[in-house]
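Here's a structure for you.
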Amino acid sequence: MPILAFMALLTWPVVVAVLFQRMERARALIWSIFAGYLLLPQLVEIDLPAFPGLNKHMVPALAAAVMVYFVTKDRARDEPAPPPMGIWVVLLLAMNFVSPIMTAVTNPDPVIDGVTYRPGMSISQGFADLIVQTLLLLPFFMGYKLLWNAKGAELWIRCLLLGVLWYSIPMLMELRLSPQINVWVYGYFQHDFIQTIRYGGYRPIVFLEHPLWVALMTMTAFLSAIAIARNDRTRRNLLIAVYLGCIVFLCKSAGALLQALMAAPLVALARPRMMVLAAAVVATVAFSYPTLRTTPWMPLQGIVNLAMSISPERGRSLEFRLMNEEALLERAMERPVFGWGGWGRPLFYDPYSGRLASVPDGQWVILVGARGIFGYLAQFLLLLTPIFALLRAMPGGRHPPRKKEMVVLGAVALMLAMNMLDLIPNATMTPLTWLTAGALLGNARRLQQGVADQADLPAAERILPKKAGLRTVL
């Protein structure tokens, strides 16, 4: 294991503690998770006894949760409390926590395919998966707790924009020199290098999982830049939006480019309610894809033919993905309710060589195979709910009250919807996805409950927070 990569992961909680010491809690939360996602190494885990491996998605979330719920909890007295999540969201969270245990209970038998042996699931493995599930959902809880108001939502898109602007510097370096920054810093390359070569050039990956993850993040920052420029039409903001639009194009990802072409005009021109309605339609299509793909309403062959006409290489790649989806979905339906569990049990292996014979790409097919329909509904409905909750809470009319706030929330809803759409071909469910979902749900519940935001109150009625100073948190 590269020593520097392991040390970066091991020392990140110290970075998180310093951030919470020097920043307000909402801003510290965002940078703890976002900066960790941008900078920490892939494929490295901290293995502890009787505890699942902690990777770059889990360490920042766990460290931030300790700061939010334990070390800095005294500051919560100065902050307004978010409204209750509601029975429906509590039920979905319960489903997410029950799912790993039920999968383990229903899969005690080993799976043997020729020379390949995959052990049965145990209750201890089910509890380990439950811990992993809890850690992955921590950004959702903390986003709901600290980013539930208009200030929190705008703070999130501004931090996202600033982070990607800085990240575009190493991205441009890799576009010119080839993706080497992870090798230079951590001493290894985190993926298959051939995946970074497209259209006679390179795609940036920097420290993330795959070039597609970089492209999706850049696209969401582009939408944030448009929303900020719409609310404040300065030359600087417009130039930033144009710059990030160019970076999205240079990422050479057809999916991210199409999503930007779909969402950018809405963020720039549409009424806020129309933005949220479009987000609800896109998210519903993404959620319904496993069912739609079996009906004539989803012309998969026509989509493949269109991709072939644009690029034979991309068309063949799409056709390969769809063939894999078909095979993996057929296997998943052998245990449809709670899935097959871990250890590669939902996958196909060559019975003679033992090599992997199937490649799961989309998050939906991974979830259906591992956790069944129950686990799929638990996670995807939890992502879908904030968008529909916001749609119900949005004020109507051509000129809604607090229009700038509504533009920001509409952009956040489209960011989450486009991420859900990207979960069809890719497994791009990241801590940023859950942080966005938590912030959006908190704002939707605030609008539904009619909770007054401090920014909307007269200056004399606002509750001014006490000065935190430089209190020690280590």
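Is at least one residue of segment 39-58 β-branched (Val, Ile, Thr) and more than 15 Å from Leu147 (Cα to Cα)?
yes
Considering segment 76-113 alone, what residues qualify as being over 16 Å from Phe140 (Cα atoms) and polar (S, T, N, Q)?
Result: Ser99, Thr103, Thr106, Asn107.
Would you check if Val359 is buried (at least 19 other Cβ atoms within 10 Å of the Cβ), among the β-branched types (Val, Ile, Thr), over 18 Å from the mean Cα position of the chain (by Cα) and farther than 16 Å from Thr106 by Cα?
Values: buried (at least 19 other Cβ atoms within 10 Å of the Cβ): no; among the β-branched types (Val, Ile, Thr): yes; over 18 Å from the mean Cα position of the chain (by Cα): yes; farther than 16 Å from Thr106 by Cα: yes.
Judged against the criteria, Val359 is not a match.
Which of (1) assigned to a helix (DSSP H, G or I); (2) in contact with a strand residue (DSSP E or B) (Cβ under 7 Å, 6 or more places away or on another chain) does Lys252 not meet, given it meets every other one?
(1)
For segment 121-137, enumerate the residues that are touching a residue at least 60 places away in the same chain (Cβ under 8 Å), open to solvent by 20 Å² or more (accessible area, probe 1.4 Å) and either within 20 Å of Leu383 (Cβ to Cβ) or in a loop (DSSP other than H, G, I, E, B) (or both).
Those that are touching a residue at least 60 places away in the same chain (Cβ under 8 Å), open to solvent by 20 Å² or more (accessible area, probe 1.4 Å) and either within 20 Å of Leu383 (Cβ to Cβ) or in a loop (DSSP other than H, G, I, E, B) (or both): Asp129, Val132, Leu136.
Within segment 370-385, how many residues turn out to be within 11 Å of Leu92 (Cβ to Cβ) and of a type outside the set (A, V, I, L, M, F, W, C)?
Residues flagged as within 11 Å of Leu92 (Cβ to Cβ) and of a type outside the set (A, V, I, L, M, F, W, C) within segment 370-385 amount to 2.
Against the definition (modelled with pLDDT of 95 or more and not polar (S, T, N, Q)), how does Val89 come out, yes or no? Let's see the steps before the verdict.
Working: modelled with pLDDT of 95 or more: yes; not polar (S, T, N, Q): yes.
For Val89, the condition - modelled with pLDDT of 95 or more and not polar (S, T, N, Q) - is met.
Now, a different point. If you go through segment 358-379, how many residues are in a loop (DSSP other than H, G, I, E, B) and among the charged types (D, E, K, R)?
Qualifying residue count, segment 358-379: 1.
Related question: For segment 362-397, how many residues meet the condition of being surrounded by fewer than 19 Cβ atoms within 10 Å (Cβ to Cβ) and touching an Asp or Glu at 6+ places or on another chain (Cβ under 7 Å)?
Total satisfying the criteria: 0.
Follow-up question, since we're still on this one. Can you tell me which residue among Glu319, Glu326, Glu334, Glu330 is more than 11 Å from Ala370 (Cα to Cα) and in contact with a Phe, Trp or Tyr (Cβ under 9 Å, 6 or more places away or on another chain)? Walk me through how you get there before you give the answer.
Working: Glu319 fails: in contact with a Phe, Trp or Tyr (Cβ under 9 Å, 6 or more places away or on another chain); Glu326 fails: in contact with a Phe, Trp or Tyr (Cβ under 9 Å, 6 or more places away or on another chain); Glu330 fails: in contact with a Phe, Trp or Tyr (Cβ under 9 Å, 6 or more places away or on another chain).
From the options Glu319, Glu326, Glu334, Glu330, the qualifying one is Glu334.
Further question: Considering only segment 199-222, how many residues are more than 18 Å from Leu38 (Cα to Cα) and either of a type in the set (S, T, N, Q) or touching a helix residue (DSSP H, G or I) at 6+ places or on another chain (Cβ under 8 Å) (or both)?
The qualifying residues number 2.
Against the condition modelled with pLDDT of 95 or more, assigned to a helix (DSSP H, G or I) and out of contact with any strand residue (DSSP E or B) (no Cβ under 9 Å at 6 or more places or on another chain), how does Ala268 come out, does it pass?
yes
What's the number of the condition Leu40 fails, among (1) out of contact with any Lys or Arg (no Cβ under 9 Å at 6 or more places or on another chain); (2) of a type in the set (A, V, I, L, M); (3) under 18 Å from Leu10 (Cα atoms)?
Against the list (1) out of contact with any Lys or Arg (no Cβ under 9 Å at 6 or more places or on another chain); (2) of a type in the set (A, V, I, L, M); (3) under 18 Å from Leu10 (Cα atoms), Leu40 comes up short only on (1).
I'm trying to understand the selection: among the residues of segment 259-291, which are open to solvent by 40 Å² or more (accessible area, probe 1.4 Å) and under 30 Å from Ile373 (Cα atoms)?
Met262, Leu277, Val281, Thr284, Val285, Phe287, Thr291
Within the set of pairs 6+ apart or on separate chains, which have a first residue in segment 344-357 that is within 15 Å of Ile112 (Cβ to Cβ) and in a loop (DSSP other than H, G, I, E, B), a second that is open to solvent by 60 Å² or more (accessible area, probe 1.4 Å) and of a type in the set (A, V, I, L, M), and C-beta atoms under 6 Å apart?
Phe348/Ala357; Asp350/Ala357; Gly354/Val115
Okay, moving on. Could you count how many residues in segment 200-239 are of a type in the set (Asp, Glu) and either touching a strand residue (DSSP E or B) at 6+ places or on another chain (Cβ under 6 Å) or surrounded by fewer than 18 Cβ atoms within 10 Å (Cβ to Cβ) (or both)?
Total satisfying the criteria: 1.
Determine which member of the set Arg118, Arg27, Arg75 is of a type in the set (D, E, K, R) and over 30 Å from Ala150 (Cβ atoms).
Arg118
So, in segment 315-341, exactly how many residues are under 19 Å from Ile101 (Cβ atoms) and open to solvent by 70 Å² or more (accessible area, probe 1.4 Å)?
Here the count works out to 1.
A further question on this structure: Out of the helices (runs of 4 or more DSSP H) lying entirely within segment 1-119, which hold 1 or more residues that are open to solvent by 20 Å² or more (accessible area, probe 1.4 Å) and either in contact with a strand residue (DSSP E or B) (Cβ under 8 Å, 6 or more places away or on another chain) or under 30 Å from Val368 (Cα atoms) (or both)?
The helices (runs of 4 or more DSSP H) meeting that bar are 3-22, 58-66, 87-105.
Quick test of your reading of the structure: Phe320 fulfils all but one of (1) under 28 Å from Ala128 (Cβ atoms); (2) among the aromatic types (Phe, Trp, Tyr); (3) more than 21 Å from the chain's Cα centre (by Cα). Name the failing condition by number.
(1)
Can you pull out every residue in segment 152-169 that is open to solvent by 40 Å² or more (accessible area, probe 1.4 Å) and in contact with a helix residue (DSSP H, G or I) (Cβ under 6 Å, 6 or more places away or on another chain)?
Result: Glu154, single match.
The values are calculated or read from the model by the stated rules, or taken from the named source; none is laboratory data. In this text, all values refer to a predicted model and were calculated from it rather than measured experimentally. FYI the Cβ positions are ideal-geometry reconstructions off the backbone, even for glycines, and counts take in every protein chain you see. These accessible areas exclude ligands, DNA and RNA; they are computed on the full protein's heavy atoms, side chains included. Shrake-Rupley method; radii C 1.70, N 1.55, O 1.52, S 1.80 Å.
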